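Contents: one structure, followed by commentary.
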There are 2 protein chains.
Amino acid sequence: MLVKEIQEQKHEDPRITRTRGMLTAALSELMREKSFNAITVREIAERATLNRVTFYAHFQDKFALLEYAARQMIRQQIEAQLPNGAYSDENLRRLVLLVCNFVSDIDQYCPPPHGQLEPLMEKKIKTELYDVMLHWLPTSKKTSASREQAAMMSAWALYGAAKQWSQDKAQKPAEDFVRQVVPLIKANLQPFVETNGGQTAKRAHGGGSSSGRFVSLLRLQHVYR
Amino acid sequence: MLVKEIQEQKHEDPRITRTRGMLTAALSELMREKSFNAITVREIAERATLNRVTFYAHFQDKFALLEYAARQMIRQQIEAQLPNGAYSDENLRRLVLLVCNFVSDIDQYCPPPHGQLEPLMEKKIKTELYDVMLHWLPTSKKTSASREQAAMMSAWALYGAAKQWSQDKAQKPAEDFVRQVVPLIKANLQPFVETNGGQTAKRAHGGGSSSGRFVSLLRLQHVYR
DNA sequence: CGACATTTGTAGTTTAAGCAACGCTCAAAG
DNA sequence: CTTTGAGCGTTGCTTAAACTACAAATGTCG
């Protein structure tokens, strides 16, 4: 039976969580080795030590998995890097850096051709960014109509900037780029958000560059611990 | 039903392989964090994202798991480090080094008290060493009676040496120690084995020290790939 | 000592994952 | 052109793993 449709909300059974985690991990491994187009369902299942049929019990096809995987990866990164959901200058800085690394990793490590890959990833990333930023903006102030718009604009702007930076050959250090972009994004959020100067947070443990991005997903199953 | 007893030989179902792999991985993770005594079955199962009941479907208790895990770890190391099963001076050298690192890791990283841990590990290691060395010795030459004896003596000697080296405070570099021990072991095997001077093998990819020993088990499930 | 919490094993039932096998499409090789 | 093979998507049946729940053992503290 179609497991997915029945539950959809509650991931009750740990087997489901685990299986999806392994599929995501397998896909991200493979995406470093070959073009997404060239990856088959059989390969994914094999790499995940799962039966091919099990794959279809969870996802319609490899694109559905990619969507799911992308969302998980982004969320996992966001959750790991941003100490709390609230806005702070520091969190904005981290978010920009995170997106930069993410986009850059895709460009660097995923062998072309990126047929449907790029637009799909782009959409997912922007969706998540929108979500985060919407949470940053309080409902109370101003006309609540433009709240969504501000979040949307900021999300697109951020992604666009990161994309451009990633493709730029003369890539300046990410840190520099971030310092340059943050104020521009902040301008979009300005009217809504209290400009608390950053809460002198301690270093995020994840640290510098894009280190364990995909690989980190292998541990994703442990969330329910 | 008792899965284990029915199969015992053929690990047909990948779920079995995977589950045991995850349990081993979980145990080796935990053994770095706390004393083996202090580890509970519940913890192991949780860390492995498995139900506690599933644990008991595979192992009687945590000691049974430890035995299984130890064997797997050692075999995995041996298989990874020794290019082929046959004897060569180079393989002997690697085997000694391997045992040194293994024993040393246990002493270093596994928090005491080592109640039943040490003798159990010792037994398992020696058993595997005996197996390897027995394969090295041809059946044909001399009286085949003493073949087993030679293997046994060599295994014990090797383990003893490694253990002593590991506990020695003024630990000399492993490489030096290996060079010192190899001839002594070789003397035991001498009568049986052709002294081929080492086949100028390329570096083992595993490389230097005890790097990914326990952690490497996380990938153990992929064997059947 | 007794009360309380945790761990340990062991049922019975439900559910997800494995497997073999099928028909389908499509593209490369004969 | 036909044949072969690879991948896709689906089906029915089997089996391993999840869940609930319980009884016994083992701590652990006042």
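The values are calculated or read from the model by the stated rules, or taken from the named source; none is laboratory data. Note that this is a predicted model, so its numbers are computed, not measured. We place every Cβ from the backbone using ideal geometry, glycine too, and count neighbours over all the protein chains shown. The area values use the complete protein model at the heavy-atom level, side chains included, leaving out ligands, DNA and RNA. Shrake-Rupley method; radii C 1.70, N 1.55, O 1.52, S 1.80 Å.
Summary of values
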quantity: Which numbered condition A:E29 fails, given (1) touching a residue at least 24 places away in the same chain (Cβ under 8 Å); (2) within 14 Å of chain B (Cβ to nearest Cβ); (3) within 16 Å of DNA strand C (Cβ to nearest atom); calculated: (3)
quantity: Residues of segment A:107-128 that turn out to be within 15 Å of A:S166 (Cβ to Cβ) and in contact (Cβ under 8 Å) with a residue 60 or more places away in the chain, as a count; calculated: 6
quantity: Residue within segment A:153-174 that is under 19 Å from A:A86 (Cα atoms) and touching a Lys or Arg at 6+ places or on another chain (Cβ under 8 Å) present; calculated: yes
quantity: Segment A:96-130, residues that are over 11 Å from the mean Cα position of the chain (by Cα) and of a type in the set (S, T, N, Q); calculated: A:S104, A:Q108, A:Q116
quantity: Failed item, numbered, when A:S144 is tested on (1) among the polar types (S, T, N, Q); (2) at pLDDT 85 or above; (3) open to solvent by 20 Å² or more (accessible area, probe 1.4 Å); calculated: (2)
quantity: Any chance A:A38 is farther than 26 Å from A:Q171 by Cα, surrounded by fewer than 18 Cβ atoms within 10 Å (Cβ to Cβ) and assigned by TED's automatic domain parsing to the domain that holds A:Q180; calculated: no
quantity: Residue list for segment A:91-138, restricted to those being within 27 Å of A:E33 (Cβ to Cβ), of a type in the set (D, E) and open to solvent by 20 Å² or more (accessible area, probe 1.4 Å); calculated: A:D107, A:E118, A:E122
quantity: Unique match (being open to solvent by less than 20 Å² (accessible area, probe 1.4 Å), without any contact (Cβ under 8 Å) to a residue 24 or more places away in the chain and outside the structural domain of A:E128 (by TED's automatic domain parsing)) among A:I44, A:I16; calculated: A:I44
quantity: Number of the exception - B:Y56 against (1) open to solvent by less than 60 Å² (accessible area, probe 1.4 Å); (2) at pLDDT 95 or above; (3) within 10 Å of DNA strand C (Cβ to nearest atom); calculated: (1)
quantity: Filter result (farther than 14 Å from B:F102 by Cβ and either aromatic (F, W, Y) or modelled with pLDDT of 85 or more (or both)) within segment B:178-188; calculated: B:R179, B:Q180, B:V181, B:V182, B:P183, B:L184, B:I185, B:K186
quantity: Complete set of residues in segment A:59-71 that are within 26 Å of A:F177 (Cβ to Cβ) and open to solvent by 40 Å² or more (accessible area, probe 1.4 Å); calculated: A:R71
quantity: Segment A:72-90, residues that are touching a residue at least 60 places away in the same chain (Cβ under 8 Å) and open to solvent by 50 Å² or more (accessible area, probe 1.4 Å); calculated: A:P83
quantity: Segment A:1-26, subset more than 12 Å from chain B (Cβ to nearest Cβ) and near DNA strand D (Cβ under 9 Å from one of its atoms), residue modelled with the highest pLDDT; calculated: A:E12
quantity: All helices (runs of 4 or more DSSP H) inside segment A:34-90 with 1 or more residues being within 14 Å of chain B (Cβ to nearest Cβ) and more than 18 Å from the chain's Cα centre (by Cα); calculated: A:41-47, A:52-58
